[in-house]
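Student: If you scroll down you'll find the structure; I have some questions about it.
A short reminder: the numbers here are calculations on the coordinates, not readings from a lab. Quick caveat, the model's predicted, so the values are computed rather than measured. All Cβ positions, glycine included, derive from the backbone under ideal geometry; neighbour counts span all protein chains shown.
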Amino acid sequence: MMLPIKMVFGLIAVALTLAACSPLRAINALTPASTYIKTADVPYGARPRQKLDVYTPAGTKSPAPVVVFFYGGSWNSGERPDYEFAAEALASRGMVAILPDYRLYPEVRYPDFLIDSAQAVSWAAKEASRYGGDPKRLFVMGHSAGAYNAAMVALDKRWLGQFGMAPEILRGWIGLAGPYNFLPIQNPDVKPVFFHPNTPPESQPVNHVAKSAPPALLIAPQSDDLVNPARNTGRLAQVLRENDVPVTEIYFDRVNHITLVGSLSRPLRHFAPTLDAITRFVEKESAQAKDPA
């Protein structure tokens, strides 16, 4: 006997909660491929993990906003094919989605994955127009550890500066359940990544907010056992407001740390309007982009 569709979705959500990344490919199997044109395995650097996939909205007739999405995994795990559902979600709303891989521990530690992240964003700024994107409407986004990467690229000038650019190239950035203020480190998987107990304070996004920072959309679960939302999302939003940086701060109560990103997928979208919030933010900030001189 077939299970009711709501029960199927519920089982997927439970699987996500219990096993993190492994069920993502099951969600991808339920994700349509008709909304995008995929260009895979594009190198943005010379190393094996410095590759990305580009998802161009199907039928796009004009340059579209560009969103570079970084996945999470405690800087220990993750690969871009697992997050095809996230790229499809963005492409279905008219955005060019770019999904990079980046080097992970133990191959590298902080800050090398930030160098990779900035290199991928600089690639997008230079090359997105070849894939239907508008580099003047460039956003960076991430979930969990990926949200940290996005935050540091958007807030800390050191990383894009290595590629002759600055955070001002971004129209905005989006963080989903990100760790932005996590010292002292509690997660044993993360401690060696950041040289615990000698983690440098400059590793924290909250310490890099300036008045020139791009607008932010910060989304988190009301309850999160992995990344404390008040300490991280709430504190960063407070510091952004204190520096007069536009910030939208949203908390959802039907998702957890894992199912928040899962709610971008079609099967789990009823759990939280995450994609709607992202779409509104991108459309609003894109509308304020300056026309070419």
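Student: State to the nearest 20 debye the size of the charge dipole of the chain about its Cα centre, where the only charges are +1 on K and R beta carbons and -1 on D and E beta carbons.
Tutor: The dipole of the chain has a size of about 360 debye.
Student: Can I ask one more? Restricting things to alpha carbons, tell me how big the chain is in terms of Rg and Dmax, in Å.
Tutor: In Å, with Rg to one decimal and Dmax whole: 17.7, 63.
Student: Can I ask one more? So which of Lys38/Lys284; Lys38/Lys136; Lys126/Lys211; Lys126/Lys191 end up more than 32 Å apart by C-alpha?
Tutor: In this structure, Lys126/Lys191 exceed 32 Å between Cα atoms.
Student: Show that you can apply the helix-only estimate: for the chain, add -39,500 (n - 2.57) for every DSSP H stretch of four or more residues, divide by all residues, and state [θ] at 222 nm to the nearest 500.
Tutor: -9000 deg cm²/dmol, from helical runs alone.
Student: Considering the dipole of the chain built from charges on the beta carbon (Lys and Arg +1, Asp and Glu -1) around the Cα centre, which of Ala87, Asn243, Ala289 is farthest to its positive end?
Tutor: Toward the positive end, the furthest listed residue is Ala289.
Student: List the GluC sites (Glu not before Pro) within region 99-181 that DSSP assigns to loop and that have no more than 12 neighbouring Cβ atoms inside 10 Å.
Tutor: Listed in order of number, the matching sites are Glu107.
Student: Would you mind counting up the charge near Glu107? Only other residues with Cβ under 10 Å from its Cβ, with Lys and Arg at +1 and Asp and Glu at -1.
Tutor: Result for the neighbourhood of Glu107: +3.
Student: Let me ask something else. Using θ = phi - 60° and the Karplus relation 6.51 cos²θ - 1.76 cosθ + 1.60, list the HN-Hα couplings for region 145-157 in order, rounded to whole Hz, with x at every Gly or Pro.
Tutor: Once θ is set to phi - 60°, the couplings for region 145-157 become 4, x, 5, 4, 4, 4, 4, 5, 5, 7, 10, 9, 5 Hz.
Student: Oh, and also: Would region 164-227 count as rounded, prolate or oblate if I go by the C-alpha gyration tensor, calling it rounded below 1.5 in a/c and otherwise prolate when a/b exceeds b/c, oblate otherwise?
Tutor: Oblate.
Student: Can you give the local net charge around Arg49? Use residues other than it whose beta-carbon is closer than 15 angstrom to its beta-carbon, Lys and Arg +1, Asp and Glu -1.
Tutor: Once all neighbours under 15 Å are counted, the net charge is -3.
Student: Can you say what percent of the DSSP beta bridges in the chain, counting only those with both residues inside, are antiparallel? Round to 5.
Tutor: Just about 30 percent of them are antiparallel.
Student: Can you sort Val247, Val68 from fewest to most other Cβ atoms within 10 Å of each residue's own Cβ?
Tutor: Numbers: Val247 20, Val68 28.
Ascending Cβ contact count within 10 Å gives the list Val247, Val68.
Student: As I understand it, the dipole of region 5-287 uses +1 on the Cβ of Lys and Arg and -1 on the Cβ of Asp and Glu, about the Cα centre. Which of Ser144, Asn232, Pro273 lies farthest toward its positive end?
Tutor: In region 5-287, that residue is Pro273.
Student: Lys and Arg at +1, Asp and Glu at -1: add these up for the other residues within a Cβ distance under 14 Å of Arg80 and post the number.
Tutor: Values: positive: Arg25, Lys38, Arg49, Lys51, Arg103; negative: Asp41, Asp53, Glu79, Asp82, Glu84, Glu88, Asp101, Asp116.
Once positives and negatives cancel, what remains is -3.
Student: With the cut-off at 17 Å, report for region 121-255 the share of all Cα pairs above it, as a whole percent.
Tutor: In whole percent, the long-distance tail amounts to 59.
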